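The block underneath contains the structure these notes are about, expressed in structure tokens.
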Amino acid sequence: MSDIDKSTAIKLYRTMVRIRVFETVTEKLFLEGKLPGFVHLYIGEEAIAAGVSASLRRDDYILSTHRGHGHTLAKGGDMKKMMAENYGKVTGYCKGKGGSMHIADFSIGMLGANGVVGGQFPISVGAGLSIKMRKTDQVVVAYFGDGAANRGTFHEALNMASIWKLPIIFVNEDNQYASTTRKVRTLSVEHVAQRACAYNVPGIRCDGNDVIAVYKAAKEAIERARRGEGPTLMSCQTYRLKGHFIGDPEKYRTHEEVEEFWKKEPIGRFEKIAFENGWLTEDEKKAIWEEYQKEAEEAVKFAEESPYPDPEEALKDVFVNPLE
Amino acid sequence: MREITVAQATAEALMEEMSKDPTIFIIGEDLTAHGGIFGQFVGIPEKFPDRILDTPISETAIVGAGVGAALTGMRPLVDLHFADFITITMDEIVSQAATMRYMFGGQSKMPLVIWAPDGAGLSAGPHHSKSFESWFMHAPGMKVVVPSTPYDVKGLLKSALRDDDLVLFFQHKKLFKFKGPVPEEEYIIPLKKADVKREGSDVTVVTYSMMVHHTLSAAKRLEKEGISVEVIDLRTIWPFDFDAVAESVKKTGHVVIAHESWKVGGVGAELASQIQEKLFDYLDAPIVRVGAEHVPIPFSPPLEKRVIPDDEDVYRAVKKVLEEA
């Protein structure tokens with residue numbers, strides 16, 4: 001038996017399913033040639049965004065990555081606006097100017113997904129500093145991959161967050177690959193949380209495919225930050241079940257390796273526990289998947305029926321006050 | 001009218017704005033011990049001890065901290081110590097701060113001032129003497145201010161602090177002790193607006209920052225030879241006041257553009273191009289540009305003097321533009 005309550009368990013599950021459905025639909029649309037550009041899927045890593053976000057408030061901030069759909073959805077993002085952005089439509093989150101890699105939703109504290117790996121670290125310091133100067137009890141979550149941990153920005157941000165005790169939770173999604181390069185070839189430590197001692201902050205390693213483990217670890221780190229006790233570095237071990245981007249030839253790993261990790265994927269793993277604990281029945285499970293399938297289909301319909309931006313829109317939004 | 005230095009004008013602008021707006025703060029390296037390394041923040045650490053923050057030597061995190069704070073309700077001024085160090089923070093400035101509002105479809109504002117001392121002439125050597133303003137005109141999303149006098153520094157810095165967009169504010173390090181008249185009463189100078197620093201009828205010199213002073217000395221010398229020079233101080237190089245330039249060019253028909261940073265690919269190249277595109281028929285001679293030689297800025301005084309332009313270069317450029325007419 002697990003020690004979390006049923007409503008929390010179902011909340012975690014629903015968030016994971018919502019992300020999985022959105023990403024699965026997105027993958028299909030991309031393969032059908034309906035989405036321009038590049039899309040990076042979060043499939044297999046849903047437990048991290050779901051587990052972390054369960055303890056966040058609407059006014060807390062998150063900073064995300066190129067693999068960011070899951071982070072925004074878990075924070076309460078709107079599927080319709082995100083899907084429309086994936087299509088490049090004017091009704092999208094960024095009116096088609098950002099695309100899949102640059103979703104932001106300032107109304108829910110989502111300060112933007114970053115196309116530059118590691119670009120989010122310094123910005124998270126600023127959000128944390130702002131909270132401290134404004135004397136609120138908000139917190140900041142900065143999601144990042146194992147590859148980003150090797151940027152200089154990681155070092156500068158962790159050091160600065162530590163000396164100023166900023167309310168930031170650095171959440172590493174260690175999915176074993178930095179694009180096509182295996183982690184063991186690029187990371188000096190076994191897992192990123194080992195680096196926490198260098199910054200005098202707590203370092204927590206947890207199973208990133210176990211949503212309950214992520215939830216508990218993140219809850220403690222978030223509460224600590226909210227109390228003004230400073231940042232935490234979490235490293236969640238997971239696996240990217242899809243390619244770096246849709247269409248990735250994936251020559252850097254074997255089909256067998258991927259198949260092995262499909263057996264450990266977080267949603268099926270959680271369902272087993274949920275059934276054992278009586279949190280979920282087969283009928284409830286079916287209803288939840290259908291609910292999000294329907295939401296995703298409506299998002300696709302909304303996106304397809306929405307117009308592309310007027311080309312002149314490309315010349316707007318550079319400045320608040322263009323001084324013309 | 002009282003006279004104060006550029007450094008004092010900088011501190012005054014900040015203190016006045018900080019008194020009115022509690023969201024303004026200053027962040028950077030070595031700010032509180034001496035009120036900034038050029039005395040530009042003297043008085044602020046005592047008056048606003050919680051709003052001027054000394055940082056680790058971490059330029060990407062310093063600028064990033066400005067970006068994140070600006071996104072979440074604050075109005076930071078980031079001190080970059082020396083403009084040379086801006087190269088370390090190009091991602092935070094160009095791809096993040098300058099791009100976010102556009103990239104996020106207009107959802108966000110970027111009320112951030114990146115403040116940096118630039119310029120040569122102090123034998124500070126290749127890593128502490130450069131001027132990079134043209135890069136930030138080249139990439140979109142930034143307003144770029146390059147003032148030359150205490151009066152302009154104060155009025156423009158106040159505008160920059162009130163602006164909701166990213167402003168890069170470059171002050172020439174040789175000018176911090178330069179004194180000039182600044183009224184006691186409050187005033188602001190709008191961004192973009194150029195200033196005619198001297199009226200003239202034969203040649204227009206478009207310039208900014210340190211070169212304004214070199215140009216004014218050259219103009220005095222040329223006056224004795226019967227040549228009347230109009231000096232346009234752009235003050236803001238992006239967006240810039242093309243109307244002010246055009247008005248003067250139509251009057252004189254002769255244009256010199258002078259800046260201390262490199263001539264190749266510099267602000268003068270863009271200005272010259274726009275002037276010939278829009279005002280070709282008014283020009284009586286090819287535009288002449290004055291800028292640094294295309295080498296790093298050297299240390300030894302005679303070498304540095306050889307590389308960066310001064311009043312003699314402006315003098316010769318004015319003569320040249322008139323000879324070619």
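Among the numbered conditions (1) assigned to a strand (DSSP E or B); (2) in contact with a strand residue (DSSP E or B) (Cβ under 6 Å, 6 or more places away or on another chain), tell me where A:SER124 comes up short.
(1)
Anything in segment B:94-119 that is more than 16 Å from A:GLY119 (Cβ to Cβ) and free of Cβ contacts under 8 Å to residues at least 40 places away in the same chain? List them, or say none.
Within segment B:94-119, B:GLY105, B:GLY106, B:GLN107 qualify.
Within segment A:79-86, is there a residue that is away from chain B (no Cβ under 13 Å), touching a residue at least 60 places away in the same chain (Cβ under 8 Å) and among the charged types (D, E, K, R)?
Within segment A:79-86, one or more residues are away from chain B (no Cβ under 13 Å), touching a residue at least 60 places away in the same chain (Cβ under 8 Å) and among the charged types (D, E, K, R).
Let's see how each residue does on (1) buried (at least 24 other Cβ atoms within 10 Å of the Cβ); (2) of a type in the set (Ser, Thr, Tyr); (3) more than 13 Å from the chain's Cα centre (by Cα); (4) not in a loop (DSSP other than H, G, I, E, B):
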position: B:PRO183; (1), (2), (3), (4): no, no, yes, no
position: B:TYR187; (1), (2), (3), (4): no, yes, yes, no
position: B:VAL196; (1), (2), (3), (4): no, no, yes, yes
position: B:GLY200; (1), (2), (3), (4): no, no, yes, no
position: B:VAL205; (1), (2), (3), (4): yes, no, yes, yes
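Restrict the check to segment B:4-26 and report whether at least one residue is of a type outside the set (S, T, N, Q), outside any helix (DSSP H, G or I) and touching a Ser or Thr at 6+ places or on another chain (Cβ under 7 Å).
no
Please give the number of the condition B:ILE26 fails out of (1) hydrophobic (A, V, I, L, M, F, W, C); (2) within 14 Å of chain A (Cβ to nearest Cβ); (3) out of contact with any helix residue (DSSP H, G or I) (no Cβ under 8 Å at 6 or more places or on another chain).
So the condition that B:ILE26 fails would be (3).
Taking the stated definitions as given, is A:TYR215 aromatic (Phe, Trp, Tyr), more than 24 Å from A:VAL258 (Cα to Cα) and surrounded by 19 or more Cβ atoms within 10 Å (Cβ to Cβ)?
Taking the combined requirement at face value, the residue satisfies it.
If you check B:LYS250, B:LYS197, B:LYS158, B:LYS174, which single one turns out to be touching a Gly at 6+ places or on another chain (Cβ under 7 Å) and either at pLDDT 95 or above or farther than 26 Å from B:LYS278 by Cβ (or both)?
Only one candidate qualifies: B:LYS174.
Name the single residue, out of those in segment A:122-139 being within 8 Å of chain B (Cβ to nearest Cβ) and without any contact (Cβ under 8 Å) to a residue 24 or more places away in the chain, that is nearest to A:TYR177 (Cα to Cα).
A:GLY126
Checking the condition free of Cβ contacts under 8 Å to residues at least 24 places away in the same chain and facing chain B (nearest Cβ under 7 Å), which residue from A:GLY112, A:GLY119, A:GLY98 passes?
Exactly one residue qualifies, and that residue is A:GLY98.
When the residues of segment B:157-181 are narrowed to those that are within 14 Å of chain A (Cβ to nearest Cβ) and in a loop (DSSP other than H, G, I, E, B), which ends up nearest to B:LEU112 (Cα to Cα)?
B:LEU166
Here is a list of conditions, (1) closer than 20 Å to B:ASP152 by Cα; (2) within 14 Å of chain A (Cβ to nearest Cβ); (3) without any contact (Cβ under 8 Å) to a residue 40 or more places away in the chain; (4) not small (Gly, Ala, Ser), and B:LEU77 meets all of them except one; can you say which number that is?
Here B:LEU77 clears every test but (3).
If B:GLN40 satisfies all but one of (1) touching a residue at least 60 places away in the same chain (Cβ under 8 Å); (2) over 25 Å from B:ILE189 (Cα atoms), what's the number of the condition it fails?
Failed condition: (2).
Could you identify the single residue in A:VAL318, A:VAL300 that is at pLDDT 95 or above and touching a Pro at 6+ places or on another chain (Cβ under 7 Å)?
A:VAL318 is the lone residue from the list that is at pLDDT 95 or above and touching a Pro at 6+ places or on another chain (Cβ under 7 Å).
Are any residues in segment A:90-106 over 14 Å from A:ASP310 (Cα atoms) and either of a type in the set (Ser, Thr, Tyr) or at pLDDT below 95 (or both), and if so, which ones?
Those that are over 14 Å from A:ASP310 (Cα atoms) and either of a type in the set (Ser, Thr, Tyr) or at pLDDT below 95 (or both): A:TYR93, A:SER100.
State which residue pairs qualify: first residue within 12 Å of B:ALA61 (Cβ to Cβ) and inside segment A:140-161, second residue aromatic (Phe, Trp, Tyr) and surrounded by fewer than 24 Cβ atoms within 10 Å (Cβ to Cβ) in any location, beta carbons under 6 Å apart, and separation of 6 or more residues or different chains.
A:LEU158/A:TYR199; A:ASN159/A:TYR199
Which of the numbered conditions does A:VAL90 fail, given that it passes all the others? Conditions: (1) within 13 Å of chain B (Cβ to nearest Cβ); (2) among the β-branched types (Val, Ile, Thr); (3) part of a loop (DSSP other than H, G, I, E, B); (4) under 16 Å from the mean Cα position of the chain (by Cα).
Here A:VAL90 meets the rest and fails (4).
Condition (residue is surrounded by fewer than 21 Cβ atoms within 10 Å (Cβ to Cβ), under 22 Å from A:ASN159 (Cα atoms), more than 25 Å from the chain's Cα centre (by Cα) and assigned by TED's automatic domain parsing to the domain that holds B:LEU175) applied to segment B:54-67: is it met by at least one residue?
Within segment B:54-67 (the criterion being surrounded by fewer than 21 Cβ atoms within 10 Å (Cβ to Cβ), under 22 Å from A:ASN159 (Cα atoms), more than 25 Å from the chain's Cα centre (by Cα) and assigned by TED's automatic domain parsing to the domain that holds B:LEU175), the answer is yes, since at least one residue qualifies.
Given A:GLY51, A:GLY76, which one is buried (at least 24 other Cβ atoms within 10 Å of the Cβ), touching a helix residue (DSSP H, G or I) at 6+ places or on another chain (Cβ under 7 Å) and either modelled with pLDDT of 95 or more or over 21 Å from B:LEU71 (Cα atoms) (or both)?
A:GLY51
Can you name the residue in segment A:83-100 that is aliphatic (A, V, I, L, M) and crowded, with 23+ Cβ neighbours inside 10 Å and, of all such residues, is farthest from A:PHE245 (Cα to Cα)?
Checked segment A:83-100; the qualifying residue farthest from A:PHE245 (Cα to Cα) is A:ALA84.
State the number of residues belonging to segment B:122-153 that are closer than 24 Å to B:LYS197 by Cβ, of a type outside the set (Phe, Trp, Tyr), in contact with a strand residue (DSSP E or B) (Cβ under 8 Å, 6 or more places away or on another chain) and in a loop (DSSP other than H, G, I, E, B).
5
Conditions: (1) more than 14 Å from every other protein chain (Cβ to nearest Cβ); (2) under 25 Å from A:PRO322 (Cα atoms); (3) surrounded by fewer than 19 Cβ atoms within 10 Å (Cβ to Cβ). B:ILE86 meets all but one. Number of the miss?
(3)
Would you point out which residue out of A:ARG205, A:ARG182 is among the charged types (D, E, K, R) and farther than 18 Å from A:GLY243 by Cα?
A:ARG205
Restricting to segment A:218-263, count the residues that are at positive phi and surrounded by fewer than 17 Cβ atoms within 10 Å (Cβ to Cβ).
Summing the residues that are at positive phi and surrounded by fewer than 17 Cβ atoms within 10 Å (Cβ to Cβ) in segment A:218-263 gives 3.
In segment B:296-325, which residues are of a type in the set (A, V, I, L, M, F, W, C) and either without any contact (Cβ under 8 Å) to a residue 12 or more places away in the chain or outside any loop (DSSP other than H, G, I, E, B) (or both)?
B:LEU303, B:VAL307, B:VAL314, B:ALA317, B:VAL318, B:VAL321, B:LEU322
Residues that are touching a Cys at 6+ places or on another chain (Cβ under 8 Å) and not aromatic (Phe, Trp, Tyr), at least 2 per element: which helices (runs of 4 or more DSSP H) completely within segment A:174-273 meet that?
Where helices (runs of 4 or more DSSP H) fall fully within segment A:174-273 and carry at least 2 residues being touching a Cys at 6+ places or on another chain (Cβ under 8 Å) and not aromatic (Phe, Trp, Tyr), they are A:211-226.
Name the residues in segment A:274-287 that are in a helix (DSSP H, G or I) and crowded, with 18+ Cβ neighbours inside 10 Å, would you?
A:ALA274
The values are calculated or read from the model by the stated rules, or taken from the named source; none is laboratory data. The structure presented is a predicted model; accordingly, all values stated were derived computationally and were not measured. As a convention, Cβ positions derive from the backbone with ideal geometry for all residues, glycine included, and neighbour counts pool all protein chains shown.
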